[in-house]
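Read through the structure below, which is laid out as structure tokens, and then see the notes.
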Amino acid sequence: MRYVVTGKQMKAIDEYTINKTGIPSLVLMERAAYSVYEEIKNRYDTDTNILIVCGSGNNGADGIALARILRENNYNADVFLAGNKEHFTEEMKKQFHIVQNLEINIVNKTNMQEYNLVIDSLFGIGLSRNIEGTYYNIIEDINNSGADIMAVDTPSGIDSETGNIMGIAVKADITITFGTVKQGLLLYPGADYAGNVIIKNVGFPKEAIQTSGAECFMAEESDIESMLPKRRSDSNKGSYGKLLAAVGTVNMCGAACMCSKAAYRMGTGLVKVFTPVENRVIIQTSIPEAVLSTYNITSFDAAGLKEDIKSSTCVVCGSGLGMSDTAEKIVKTILESKVRVVLDADALNIISRNKSFENLYHENVIITPHIGEFSRLTGLKSEDIKSNPVKACREYALSKGITCVLKDARTVTSFKDGTAWINVSGNSGMSTAGSGDVLAGIISALISQGMDMEYGAVLGTFIHGLAGDEAKKVSGEYGMTAMDIADGIKNVLKKYESKDAR
């Protein structure tokens, strides 16, 4: 896992490193500039015409230091000084003095189309208001230059916390960020502007990050091996959990099949599908491995459901469940049982319609709403949720004492203590009907196998995206279906199967 920070937290990391550890800011700046140089060296020949656009602050000072390093290594690098000298920071004054002594070419006007590579070193994470006036025009020129664009730390104009665009923003091909990744580089629309994000270690100590107030993380592939429930040689289907899937209604059986298939692909030992009797043939045909427990939707008796719950290690509820009175009774019965449960789709719509059901929440609840469902749950407008999904997800999880998986292009998971995770796996092909049902099946499968509720949600979301990436290899982003994602799970997990099963 990797820490994800806001601009404010990054400044705290910087200050701790300088004031507590004693590493001078100019040393950090030199390391940052050299790390950008390394990427340039690996990608561009010395005959590349490079323009570094510098502001007045420390991000501009990074750019000035970079210009010096590039010139020392025989690159043709000019500096376009966009910032006002009267507003220079102390570090910028020192860096500017050095390059003046070295006679590096500094320009106040330039035709950016004459350069092959334009480097944005205007604002970084230090921006506090919308960009306008001269700076707006400069960023327009950068974006219209036709050159490759590289951003130093953060593309200028991106809110480092939310990823929102502050009037205008540099649209980079590559962003070299320092220490750890910033939230705004992961969340949309900022992620579109950041391009390929490369994280460089410039010497910030772990203690600086840990004391910064950072409460957000992103999962990495190394987390799969460490978190994934291990398989054992001396096992049987009971060793890997018994999942009860309360899914599907009359004429809505597809969601039940996708959820159940994903759970089996994720390694669950047994999936029992609790569904209307009308779905029996379809499920037995589509998912022959599944065990069925059927009911009559017009004469529902909760006794059978309660017995099924008792024999299960986890319940997943909601995929294609419908909004009938019987569906309401099913959701209420499951919540009252205090069982480990993943609530998705119609289960969440039912809770939105019956707000008293939120009083039945408990610490073993995971909800997996998309933006529309979350809007109905919370009363927040969709655009307000999307403008700061980490904040919205965190506040709901904290207030309700549950785990919330807020699904979007960047899915955010928040624990009941406010810890948040941003998922970066996946692709646009997963924007297809049934993708959420597959996710519910994956997460509940991990929980049924004994994983911690919260980390099961994080790992399940990450694997879901990787399965979508596997499906993309076969079907492409246009042709991908939810069943393709479910099939992609096995290719993901094959890479991480325990080599020392015993």
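The values are calculated or read from the model by the stated rules, or taken from the named source; none is laboratory data. No experiment lies behind these values; they were computed from the predicted model shown. A quick note on method: Cβ atoms are made from the backbone with ideal geometry, for glycine too, and the neighbour counts reach across all protein chains shown. Side chains included, ligands, DNA and RNA excluded: accessible areas come from the protein's heavy atoms. Shrake-Rupley method; radii C 1.70, N 1.55, O 1.52, S 1.80 Å.
Residue-wise test of (1) modelled with pLDDT of 95 or more; (2) in a strand (DSSP E or B); (3) surrounded by fewer than 20 Cβ atoms within 10 Å (Cβ to Cβ).
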{"site": "Ile176", "(1), (2), (3)": "yes, yes, no"}
{"site": "Gly203", "(1), (2), (3)": "no, no, yes"}
{"site": "Ser233", "(1), (2), (3)": "no, no, yes"}
{"site": "Ala255", "(1), (2), (3)": "yes, no, no"}
Quick one: count up the residues across the range 66-82 that are open to solvent by less than 90 Å² (accessible area, probe 1.4 Å) and in a helix (DSSP H, G or I). 6
Given the conditions (1) in contact with an Asp or Glu (Cβ under 7 Å, 6 or more places away or on another chain); (2) open to solvent by 10 Å² or more (accessible area, probe 1.4 Å); (3) among the hydroxyl-bearing types (Ser, Thr, Tyr), every one holds for Thr333 apart from (1)
So Thr154 fits all but one of (1) open to solvent by 10 Å² or more (accessible area, probe 1.4 Å); (2) under 18 Å from Val36 (Cβ atoms); (3) not in a helix (DSSP H, G or I); what number is the exception? (1)
Please tell me if Ala262 is in contact (Cβ under 8 Å) with a residue 12 or more places away in the chain, open to solvent by less than 50 Å² (accessible area, probe 1.4 Å) and under 27 Å from Gly488 (Cα atoms). yes
Considering only the range 414-458, state which residues are among the hydroxyl-bearing types (Ser, Thr, Tyr) and farther than 21 Å from Lys473 by Cβ. Ser414, Thr419, Ser444, Ser448, Tyr455
Residue pairs within 7 Å by beta carbon, gap of at least six or interchain, first lying in the range 434-459 and farther than 16 Å from Thr268 by Cα, second aliphatic (A, V, I, L, M) and assigned to a helix (DSSP H, G or I), listed first then second, are Gly434/Ala255; Gly434/Met258; Gly434/Ala482; Ser435/Ala482; Ser435/Ile485; Tyr455/Met227
Could you check, for the range 354-366, whether at least one of its residues is over 20 Å from Lys416 (Cα atoms), within 24 Å of the chain's Cα centre (by Cα) and not β-branched (Val, Ile, Thr)? no
Candidates Lys171, Lys182, filtered to the one that is open to solvent by 30 Å² or more (accessible area, probe 1.4 Å) and not β-branched (Val, Ile, Thr): Lys171
Condition check: free of Cβ contacts under 8 Å to residues at least 60 places away in the same chain, under 17 Å from Ile447 (Cβ atoms) and open to solvent by 10 Å² or more (accessible area, probe 1.4 Å). Does Gly267 satisfy that? no
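For every residue, the table says whether it meets (1) open to solvent by less than 30 Å² (accessible area, probe 1.4 Å); (2) farther than 29 Å from Ile131 by Cα; (3) over 28 Å from the mean Cα position of the chain (by Cα).
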{"residue": "Arg2", "(1), (2), (3)": "no, yes, no"}
{"residue": "Lys11", "(1), (2), (3)": "no, no, no"}
{"residue": "Lys20", "(1), (2), (3)": "no, yes, yes"}
{"residue": "Met29", "(1), (2), (3)": "yes, no, yes"}
{"residue": "Ile52", "(1), (2), (3)": "yes, no, yes"}
Would you confirm whether or not the range 362-381 contains a residue that is within 13 Å of Ala457 (Cβ to Cβ), touching a residue at least 40 places away in the same chain (Cβ under 8 Å) and hydroxyl-bearing (Ser, Thr, Tyr)? yes
Yes or no: the range 313-323 includes at least one residue that is without any contact (Cβ under 8 Å) to a residue 60 or more places away in the chain, more than 12 Å from Val250 (Cα to Cα) and loosely packed, with under 14 Cβ neighbours inside 10 Å. no
Please determine, by comparing only the residues of the range 31-50 that are among the polar types (S, T, N, Q) and not in a helix (DSSP H, G or I), which one is surrounded by the most Cβ atoms within 10 Å (Cβ to Cβ). Thr48
Candidates Val291, Val250, Val281 - the one that is modelled with pLDDT of 95 or more and in contact with a strand residue (DSSP E or B) (Cβ under 6 Å, 6 or more places away or on another chain): Val291
For the range 451-467, indicate whether the set of residues that are among the β-branched types (Val, Ile, Thr) and more than 16 Å from Ala440 (Cα to Cα) is non-empty. no
Output the residues belonging to the range 460-494 that are open to solvent by 30 Å² or more (accessible area, probe 1.4 Å) and free of Cβ contacts under 8 Å to residues at least 60 places away in the same chain. Asp469, Lys472, Lys473, Val474, Ser475, Glu477, Tyr478, Gly479, Thr481, Asp484, Asn491, Lys494
Quick check, is Thr326 assigned to a helix (DSSP H, G or I), under 29 Å from Gly372 (Cα atoms) and touching a Phe, Trp or Tyr at 6+ places or on another chain (Cβ under 6 Å)? yes
Selection within the range 178-234 - of a type in the set (Phe, Trp, Tyr), closer than 29 Å to Ser444 by Cβ and touching an Asp or Glu at 6+ places or on another chain (Cβ under 9 Å): Tyr188
Search the range 83-127 for residues being basic (Lys, Arg) and surrounded by fewer than 16 Cβ atoms within 10 Å (Cβ to Cβ), and hand back the single one that is farthest from Ser145 (Cα to Cα). Lys93
Considering only the range 292-312, how many residues are open to solvent by 60 Å² or more (accessible area, probe 1.4 Å) and either closer than 22 Å to Ala445 by Cβ or part of a loop (DSSP other than H, G, I, E, B) (or both)? 7
Select from the range 128-144 the residues that are touching a helix residue (DSSP H, G or I) at 6+ places or on another chain (Cβ under 7 Å) and open to solvent by 60 Å² or more (accessible area, probe 1.4 Å) and list them in ascending order. Asp141
